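Since the structure comes first, as structure tokens, the remarks are kept for the end.
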Amino acid sequence: MGIKETVNNARSGWMLGGGPDGDILISSRIRVARNLKGYAFPHLLDNEKAGQVIHAVQLAMENQAVKSRAGNLEMIRMSELTPVERQILVEKHLISPNLLEGHEKKAVALRDDEVISIMINEEDHLRVQCLLPGLQLEKAWELVNQVDDGLEHTLDYAFSEKFGYLTACPTNTGTGMRASVMMHLPGLVLVDQVGAVLTTVSKLGFTVRGLYGEGTEALGNLFQLSNQVTMGHAEEDIITSLNSVTGQVLAQEREARKALLQQRRDQLEDKVGRSYGILKHAHMISSEEAMRRLSDVRLGVDLQLITGPAPAQLTELMVMTRPAYLAKQRNSDLNPLERDILRAQTIRNKLNQGG
Ligand SMILES: Nc1ncnc2c1ncn2[C@@H]1O[C@H](COP(=O)(O)OP(=O)(O)OP(=O)(O)O)[C@@H](O)[C@H]1O
């Protein structure tokens, strides 16, 4: 499959579900930030130098050392994608919103299952990421590490014995690693405990972010937890402590769900049933409402209150109902009303076709 088709396919490897604790833990992500020696950081690069960085990464990717570890990665410059296609990559979590700015200097490389992606000239020259379903931080780290080692065969990274990998923002200096999990926490939201739990998580040195990472809001009860600091900690330690915090939040979410089932089962069944009904029959729905209702249905499926769509289908719908993906379906810009109509139709089709 060519990269253009990959981009336009709603499903990515990480959405297939079935990973460990996959009912609550939607996905695990590891990314490392790397820079090339001899080049200014991306925000200071002119077009020519930015092009040289892209070219150097392209050559490194073609090296057997990378191919044997990462499989085939295909690179495309952001300027070769339409604005809608670029936005779809954000909606699928394959690139961060930052890669959209100044896109003529930027590129992305993807493996065809989209489990591995490399952003070029984002905040750093390279951001190598691996996204997997469920709680699989170790596996994600193993894959990123392999790709990174392969790239290092050809690329000369900016590295200091004292500080570690040098990065544009000092918070990334050191390992350059951010480990993160995306969790679905409707139970904690419903028992009004999510604020308290996430404040504790922040005090333990972890950041809580919304659906699209830094500076975005938590739609559909989805929260991203990640490490704040990378310097002075080995990669394995970062993963161990994130695993431990994640385990605690998981346990609290399970407790909240249990309490809801024991104390508010009727209300819960009503909430889930209404949302499922609306999603299956509505003819217009906003993006915010769709995310909220999909979250209710996912909770209902997890708690076996309804036998409905597979969780992977619900994750896919979260992408298929975002604005850029809808625009792509019609091959034209849509006004808000047209979008709400197409969104409802997309959801009806998916849920009524079953499985
Ligand atoms: N566990 C996860 N599952 C799915 N997507 C994720 C996950 N963690 C992060 N992402 C996505 O990765 C992108 C970047 O996230 P974020 O801004 O948190 O980190 P970053 O860009 O790596 O770090 P920094 O802010 O240090 O530059 C966003 O699109 C976000 O939705």
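The values are calculated or read from the model by the stated rules, or taken from the named source; none is laboratory data. Just so we're clear, the structure is a prediction, and the values are computed from it rather than from any experiment. Every residue, glycine among them, receives a Cβ derived from its backbone with ideal geometry; neighbour counts consider all protein chains shown.
Going through (1) out of contact with any helix residue (DSSP H, G or I) (no Cβ under 8 Å at 6 or more places or on another chain); (2) within 14 Å of the ligand (Cβ to nearest atom) one by one, Q263 falls short only on (2).
Each row is one residue, and each column tells you yes or no for (1) modelled with pLDDT of 85 or more; (2) surrounded by fewer than 18 Cβ atoms within 10 Å (Cβ to Cβ).
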{"site": "A179", "(1), (2)": "yes, no"}
{"site": "L188", "(1), (2)": "yes, no"}
{"site": "A196", "(1), (2)": "yes, yes"}
{"site": "F206", "(1), (2)": "yes, no"}
{"site": "L211", "(1), (2)": "no, no"}
{"site": "L222", "(1), (2)": "yes, no"}
{"site": "V229", "(1), (2)": "no, yes"}
{"site": "E236", "(1), (2)": "yes, yes"}
{"site": "I239", "(1), (2)": "yes, no"}
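Residue under question is R69, and the condition is that it be touching a residue at least 24 places away in the same chain (Cβ under 8 Å) and more than 16 Å from the ligand (Cβ to nearest atom); does it hold? Answer is yes for this residue. As a summary of the residue check, D124 satisfies the conditions (1) in a loop (DSSP other than H, G, I, E, B); (2) modelled with pLDDT under 95 except for the one numbered (2).
For the range 92-143, a residue qualifies if it is among the acidic types (D, E), over 25 Å from P20 (Cα atoms) and within 13 Å of the ligand (Cβ to nearest atom), and the qualifying residues are E101, E122, E123, D124. Being under 14 Å from R29 (Cα atoms), touching a helix residue (DSSP H, G or I) at 6+ places or on another chain (Cβ under 7 Å) and not β-branched (V, I, T) holds for only one residue in N227, N221, and it is N227.
Do you know which residues across the range 34-51 are farther than 20 Å from G176 by Cα and either of a type outside the set (A, V, I, L, M) or exposed (fewer than 15 other Cβ atoms within 10 Å of the Cβ) (or both)? Correct list: D46, N47, E48, K49, G51. Considering the range 280-355, the qualifying helices (runs of 4 or more DSSP H), each wholly inside and each with 1 or more residues that are farther than 22 Å from R86 by Cβ, run over 287-302, 311-320, 336-353.
Yes/no per residue for (1) away from the ligand (no atom under 11 Å from the Cβ); (2) assigned to a loop (DSSP other than H, G, I, E, B):
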position: M182; (1), (2): no, no
position: L188; (1), (2): yes, no
position: D192; (1), (2): yes, yes
position: G195; (1), (2): yes, no
position: L198; (1), (2): yes, no
position: S202; (1), (2): yes, no
position: G220; (1), (2): yes, no
position: F223; (1), (2): no, no
position: V229; (1), (2): no, yes
